[in-house]
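For reference, the structure is listed below as structure tokens.
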Amino acid sequence: MPVSDSISNGMTDVIHTDLIEVSQIPLALYIHIPWCVKKCPYCDFNSHELANDSPLSMYEDYVDALLADAKMQRALMQGRQIGSVFIGGGTPSLLPIAQYQRLFKGLRHCFDFADDVEVTMEANPGTLEHAPFSEYLAVGINRLSIGVQSFAADKLQTLGRIHDPKQAMSAIKSARAAGFERVNVDLMHGLPQQTLDEALYDIQTAHDSGATHLSWYQLTIEPNTVFYRNQPVLPDEDRLADIELAGQDLLQRLGYDNYEVSAWAGRSDVPCRHNINYWQFGDYLAIGAGAHGKVTLDKSILNKNASNTADSGVWLDSEDPVIGIYRFSKSRLPKDYMSYQYAPKMIGWRHIAPDELVSEFMLNGLRIHEGVTWTLFEQRTGLSREHITTQVQALVSRGLLMDSAERLKPTALGRRYLNQILQPFL
């Protein structure tokens, strides 16, 4: 049985590479559009404010770079189809619709898309930041994620958002009227000076406006943000707990299913396939400035000559590459990303070491309320369940995990203290 090096940190099992069937691992595509009209004070994403004198040719050059990037990553498909696409940012709806037409025409020549591919685009409610929603449908985008954050004018101002509540409600309704059957709305809670009633009003208004899915998550203060340097006064722990419990109750009464920590699918919708793929440790290609990808490689691609050309699939950092799981990233600055000879550079290509696999898998998989099957754990990591028996039994005894012959899942208590579940696997 082919195996890798032994696991460290007191773990005695080894990776069985024959358990990893690349053809059975779903493949997605992430596309990053890095520009926004205004950088929000809480945002730590790779986004860059547009200069007032930015030429339209910049968008054309960027799409050229995206397509060159896609061509370079084509070998990483390894015979698979793209099952989902997510266009994030920044503000992806700032990219002109003509460039989306070019982009998707090129991507469909480069990749094999599944017939039922899910294609999500993030959009802001401001009417000057997007084309008519029907035009996105025409290019193949079939799911929207609208960044509302709040329906309270003062909260939007505090968050640095450039839309108002009426524009937010109008955007959701317009998207549904244009034919979008799946519309996610991003909402934050635990905002500065936010009351319980205000948090519940946001949920109810998103639902009444036509949202079919909600991403409802607490505002956190991240390093390298304006809020980190000048921290606002947030609700205390008791109010945060009250908001969370009452919000969850309202969402359940409105018919939403909380399938992941902050993700709620309505009765007419289903879980986001793209995000489920992340959480189940699937593979995803990534194009765009600052984009991050993850791929599993088998012998077929490792036997190919990987040279730094437009037709190469990968840049390997070892003269003796191994079958396994790799992560990569792209240049963060748009100007660097668009400065290339053959294709935008792979700047972070690295093999995930055996002692990192468990923590990476659990960090993602245990976010899902139904947890993960042991079969999935073995297929995606190449590790047997015995590898983590000690850690699992300890967490079960503390009431944080439920373990069965088929599945490992967090308890209701475990979902509240997810960080404590993850700690033993680090």
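The values are calculated or read from the model by the stated rules, or taken from the named source; none is laboratory data. It should be emphasised that the depicted structure is a prediction, and the values quoted were computed from it without experimental measurement. Backbone-built Cβ (ideal geometry, glycine too); neighbour counts: all protein chains shown. We work out accessible area using only protein heavy atoms, side chains counted, and drop any ligands, DNA or RNA first. Shrake-Rupley method; radii C 1.70, N 1.55, O 1.52, S 1.80 Å.
Figures for the structure shown
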quantity	calculated
Distance in nm between pseudo-label sites at Gln423 and Glu60 (7 Å out along the Cβ direction from Cα)	5.7
Listed residue pairs exceeding 29 Å between alpha carbons, taken from Lys39/Lys71; Lys330/Lys409; Lys155/Lys330; Lys299/Lys330	Lys39/Lys71; Lys330/Lys409; Lys155/Lys330
Bins of 10 Å, starting at 0 and running to the largest distance - Cα pair percent for the chain	4, 20, 29, 28, 16, 3, 0
Length-normalised contact order for the stretch 29-163 - Cα pairs under 8 Å, 6+ apart - percent	29
The stretch 153-167 - phi-based ³J(HN,Hα) in whole Hz, Karplus 6.51/-1.76/1.60, Gly and Pro as x	4, 5, 5, 4, 5, 4, 7, x, 6, 9, 10, 10, x, 5, 5
Other-chain or far-sequence residues with amide H under 5 Å of Gln218's (modelled H)	His189
Fraction of beta bridges assigned by DSSP in the chain that are antiparallel (%, nearest 5)	40
Candidate residues Glu129, Glu406: accessible-area rank, largest first, probe 1.4 Å	Glu406, Glu129
Nonlocal amide H pairs with Arg332, under 5 Å, H built at 1.01 Å	Gly290
Accessible-area order (highest first, 1.4 angstrom probe) of the listed residues Lys155, Lys335, Lys39, Lys166	Lys166, Lys335, Lys39, Lys155
Calculated Rg and Dmax of the stretch 106-171 using C-alpha coordinates, Å	15.0, 46
With every protein chain in place, the chain: carbon and sulfur % of accessible area (1.4 Å)	49
Estimated inter-spin distance, Leu196 and Arg74, nm [label 7 Å along Cα→Cβ]	5.9
Residues whose placed amide H lies under 5 Å from that of Cys36, excluding near-sequence neighbours	His48, Glu49, Leu50, Thr91
Estimated vicinal HN-Hα couplings, Hz - the stretch 60-67 in sequence order (Karplus 6.51, -1.76, 1.60; Gly, Pro = x)	5, 5, 5, 5, 4, 5, 4, 6
Residue-normalised accessible area of the chain, given per residue in Å² at a 1.4 Å probe	45
Whole-number percent relative contact order across the stretch 86-156, with pairs defined as alpha carbons under 8 Å at least 6 apart	38
Lone cysteines, the chain (no partner Cβ under 4.7 Å)	Cys36, Cys110, Cys272
The chain, relative contact order in percent, only Cα pairs under 8 angstrom and at least six apart counted	18
